[in-house]
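Encoded as structure tokens, the structure appears first; notes follow it.
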There are 2 protein chains.
Amino acid sequence: MALRSVALQAQNRTSSFFILTQRLVHRVQTQSVRAFSSAILSPPSKAVVYELHGSPDAVTRVIELPPVEVKENDVCVKMLAAPINPSDINRIEGVYPVRPQVPAVGGYEGVGEVHSVGSAVKDLSPGDWVIPSPPSFGTWQSYIVKDQNVWHKINKDLPMEYAATVTVNPLTALRMLDDYISLNSGDAIVQNGATSIVGQCIIQIARYRGIHNVNIIRDRAGSDEVKERLKSLGADEVFTESKLEVKNVKSLLGNTPEPALGFNCVGGNAASLVLKFLRQGGTMVTYGGMSKKPVTVSTSSFIFKDLSLRGFWLQKWMTTDKAKESRIMIDYLLGLVREEKLKYEMELVPFDSFHVALDKALGKLGSHPKQVIKF
Amino acid sequence: MALRSVALQAQNRTSSFFILTQRLVHRVQTQSVRAFSSAILSPPSKAVVYELHGSPDAVTRVIELPPVEVKENDVCVKMLAAPINPSDINRIEGVYPVRPQVPAVGGYEGVGEVHSVGSAVKDLSPGDWVIPSPPSFGTWQSYIVKDQNVWHKINKDLPMEYAATVTVNPLTALRMLDDYISLNSGDAIVQNGATSIVGQCIIQIARYRGIHNVNIIRDRAGSDEVKERLKSLGADEVFTESKLEVKNVKSLLGNTPEPALGFNCVGGNAASLVLKFLRQGGTMVTYGGMSKKPVTVSTSSFIFKDLSLRGFWLQKWMTTDKAKESRIMIDYLLGLVREEKLKYEMELVPFDSFHVALDKALGKLGSHPKQVIKF
């Protein structure tokens, strides 16, 4: 992967994939013959590549990348599964604050099985399941070669789609519950966008820890079924936005205490509703803006209600000191999956149908569960 | 004051001031004769009283309250000066979150001279200057009797109007500079409403500490003169809002570093401009909303720019542990006044003209400096 990605990045952005591929093949073949004829090579890798930023369905292509060398500290991983997350789409669009240098391979998290290891690798063996941790660019391809330190070995006793998706959404939920205020059993949180995977994870982790959770969903056909589904996951209260058009939303709380912490992934009115539920001195963490509307806050919410408003960005968090412990957190989350305390809906899609999965992830084909590519 | 305020509060809200006053006089006279014929009594006190919440010019009256007993731990203070702050007006209007019980005497801070002391008072003597610290309701009257612990003795070597006003605006500026992030010499702050007294104090304290300050003022006739006045106080940069209608406000900063901390007392567009100036990970503290417009924040400001939004309320702060040190802070601020490092414009108005001062404070007579009643 190292050699391949360097070569990819060195290419002029306007070069065609044909030329790109030809040069890479030539380079690897030449090097193989000259310098390390006994070197281990990866198999060729089928990859979702984009050469320009733009609409993902227009700029991504599936191409075959040539074999690369597996150096002594490298591990060659045969990818098993990788999701299409909204942030993956934003990265391809070029609207993400960290703009990957093109040409680039899509994807940011996933799970794979060790295919071969370099001569100095002791802790990983063919057949092990691994995830890139911290996550990094380029998981949408069939084989990845990276230094052994990149890979975190996990147990193989759970569905691959959970291993493939644990690093982004469940970890976001866990960090947001832990990193802003100290919550104890019996406290309460409130969130909008409760049907998102992060939202579902928040409900389940909160329930697991004895934290009450108040959930806001948008008005939609079938909202009663959605409510029941969220309640079956552990939601204490579920309100559609229109049910909250009352003077004092807290009067709807019953025995649930006033939430100390709120999560906003919607913006606009749905964010204002989270603020209304928060108790004096509460904190709202924004991690998404699905409505594309800003957050609007009254002056008195800051001065007299003493609310704090913050944001969470996983990719930034991954650069912090705390992230050193992210593998422990991932094991904790996968443990919850194993105990069936943490579940969410996904759809595994064969790699050959990548562009159908992409269209579903882009919302072009109606509402679908999280799309996870199966290699 | 204790007896007087208890009696005031015990009155039925509909009772007239005549009855109120008559009863108090009767009570004090009776008690004086019966129980403590040798007790020290305060002089009668002329006070700005309101019986109902409402527009201050309609509900306030100046009446004379009868003498009260100065008990052994009490100090009777002849008030020298007390300002009319916006929060005083809000309290009378009844729109403040803490609604004083009526009937009540107006005012929250001020300075006075000790008139007489109870037999157990050792640390204060007639002639000393004192301020109520923490501040408390009822400073708009000529004599106040309260426990010795309420009074903080200050030096008499500075203009009474500064002593009268140090506890609200300058202390707000100091706390906001100190309590949210750690600022070092060479760092920068940004604020809107820079012509307010808090704004002017922020400029001067920041300058005193080597902290760059970026200031936003509204467009108005004579804005060039306002700019020059703020620069003479120590402002590094002063922009009118219209000058900031550019794509990248930070390009206007020159050598001033990107501000880590921002202050908002306006809301609306002026708050958005503060947010635009803030550096990655910066904090904005809201302490007022002069435009009566809310604060609007993009999702990406929270997630990708990692901004934190907070609020400051002095009255709440006064209930915190830190407030125990507020007398030290007040001495520090009065020291800055003495060194002429801290100044702001005020207008001393004789108590007899209270309702003219009130009209000026209410903005009914155009723009005027802070009104300070001189007793």
message: What is the distance in Å between the Cα centroid of the stretch B:48-90 and that of the stretch B:259-297?
response: 35 Å
query: Among all the aspartates and glutamates, which ones have a C-alpha under 18 Å from residue A:324's C-alpha, if same-chain residues fewer than 8 places away are not counted?
result: A:109, A:147, A:178, A:179
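Report, please, the projected area of the stretch A:124-166 averaged over directions, based on the convex hull of its C-alpha atoms, in nm². All intermediate terms of the calculation are to be shown ahead of the outcome.
On the way: hull surface 13.0 nm².
The Cα convex hull of the stretch A:124-166, projected and averaged over all directions, gives 3.3 nm².
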task: Pop a pseudo-label 7 angstrom from the Cα along the beta-carbon direction at both residue A:93 and residue A:355 and give the gap in nm to one decimal.
output: 2.1 nm
message: Using a 7 Å offset from Cα along the direction of the beta-carbon, what are the separations from residue B:325 to the same position in each other copy, nm, ascending?
response: 2.9
field: Listed residue (B:297, B:259, B:194) projecting farthest to the positive dipole end of the stretch B:169-315, Cβ model
entry: B:297
statement: If labels are modelled 7 Å from Cα along the Cβ direction, residue B:258 lies from its partners in the other copies at nm distances, smallest first, of 3.6
statement: The local net charge around residue A:71, scoring Lys/Arg +1 and Asp/Glu -1 for residues other than residue A:71 whose Cβ lies under 12 Å from its Cβ, equals -3
- prompt: Normalised by the residues of chain A, what does the relative contact order come to in percent, with Cα pairs under 8 Å and at least six apart?
  reply: 14 percent
Order by protection proxy (mean Cβ within 10 Å, highest first), peptides A:323-330, B:107-114, B:342-349, B:243-250: B:107-114, B:342-349, A:323-330, B:243-250
query: Going by average Cβ neighbours within 10 Å, how do the peptides B:127-138, A:138-149 rank, with the highest at the top?
result: A:138-149, B:127-138
query: Just the Cα atoms of the protein assembly as shown: what Rg and Dmax do they give in Å?
result: 33.1, 116
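Please report, in cubic angstrom per residue, the volume enclosed by the convex hull of the alpha-carbon atoms of chain B. Don't skip to the answer; put the middle values down first.
Values: hull volume 52.5 nm³, N = 375.
Cα convex hull per residue, to the nearest whole number: 140 Å³.
If R0 is 41 Å, what FRET efficiency do you get for residue B:157 and residue B:250 from their C-beta distance, rounded to 0.05? All intermediate terms of the calculation are to be shown ahead of the outcome.
Working: r = 44 Å, r/R0 = 1.07.
About 0.40, to the nearest 0.05.
Report the Stokes-Einstein translational diffusion coefficient (µm² s⁻¹, integer) for the stretch A:170-313, Rh taken as the Kirkwood radius over Cα pairs, at 25 °C with viscosity 0.890 mPa s. Show your work: numbers first, answer last.
Working: Rh = 14.8 Å.
My calculation gives 166 µm²/s for D.
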task: Among the listed pairs A:374/B:305; B:231/B:370; A:227/A:322; B:46/B:360, give every one whose C-alpha distance is greater than 23 Å.
output: A:374/B:305; A:227/A:322
message: Report the gain in length on full extension from residue B:242 to residue B:101: 0.36 nm times residue separation, minus Cα-Cα distance, nm rounded to one decimal.
response: 46.4 nm
Contact order normalised by residue count of the stretch B:238-279, Cα under 8 Å, 6+ apart, percent: 44 percent
message: Within chain A, which whole H helices from DSSP have a Cα span along their axis of at least 20 Å and a mean Kyte-Doolittle hydropathy of 0.0 or more, if any?
response: A:17-34
- request: Would you mind listing the distances between the residue A:149 label point and the same position in each other copy? Use 7 Å along Cα-to-C-beta, nm, one decimal, shortest first.
  value: 5.9
- request: Mind giving me the FRET efficiency for residue B:229 and residue B:55? R0 is 30 Å, r the Cβ-Cβ distance, nearest 0.05 is fine.
  value: 0.40
query: Rounded to a whole number, what is D in µm²/s for the stretch B:148-242 from Stokes-Einstein with the Kirkwood radius over alpha-carbon pairs (37 °C, 0.692 mPa s)?
result: 226 µm²/s
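Restricting to the protein assembly as shown, compute how many DSSP beta bridges are antiparallel as a %, nearest 5.
On the way: 66 of 118 bridges.
DSSP beta bridges in the protein assembly as shown are roughly 55 percent antiparallel.
Can you give the net charge of the other residues whose Cβ lies under 9 Å from the Cβ of residue A:148, counting K and R as +1 and D and E as -1? Numbers along the way, then the final one.
Working: positive: A:122, A:146; negative: A:74, A:123, A:147.
Local net charge: -1.
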Heavy-atom accessible area ranking, 1.4 Å probe, most first, across A:122, A:227, A:341: A:122, A:341, A:227
message: Only four residue types carry charge here, +1 at the Cβ of Lys and Arg and -1 at the Cβ of Asp and Glu. Report the dipole size of the stretch A:170-313 about the Cα centre in Debye, rounded to the nearest 20.
response: 220 debye
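Dipole magnitude of the stretch A:289-335 about its Cα centre, charges +1 at Lys/Arg Cβ and -1 at Asp/Glu Cβ only, in debye to the nearest 20? It would help to have the intermediate numbers written out before the result.
Details: 8 positive and 4 negative charges, 46 e Å.
That gives the stretch A:289-335 a dipole magnitude of about 220 debye.
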task: Using only alpha carbon positions, build the gyration tensor of the stretch A:330-375, then give the equivalent ellipsoid semi-axes as the square roots of 5 times its eigenvalues, largest first, whole angstrom.
output: 26, 12, 7
query: Given a cut-off of under 8 Å on Cα pairs at least six residues apart, what relative contact order in percent is computed for the stretch B:87-128?
result: 27 percent
- line: Here the equivalent ellipsoid of the stretch A:38-96, derived from its Cα gyration tensor, has semi-axes (largest first, whole Å) of 28, 13, 10
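Suppose every Lys and Arg Cβ carries +1 and every Asp and Glu Cβ carries -1, with no other charges. What dipole size does the protein assembly as shown come out with about its Cα centre, to the nearest 20 debye? Could the numbers behind the result be given before it?
Values: 86 positive and 74 negative charges, 96 e Å.
So the dipole magnitude of the protein assembly as shown works out to roughly 460 debye.
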task: Note down the net charge around residue A:252, summing +1 for each Lys or Arg and -1 for each Asp or Glu among other residues with Cβ under 9 Å from its Cβ.
output: +1
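The values are calculated or read from the model by the stated rules, or taken from the named source; none is laboratory data. Remember, predicted model here, so these are calculated numbers, not experimental data. With ideal geometry, Cβ positions are generated from the backbone for all residues, glycine too; neighbour counts draw on all protein chains shown. Ligands, DNA and RNA are stripped out before the accessible areas are found, and what is left, the full protein with its side chains, is counted by its heavy atoms. Shrake-Rupley method; radii C 1.70, N 1.55, O 1.52, S 1.80 Å.
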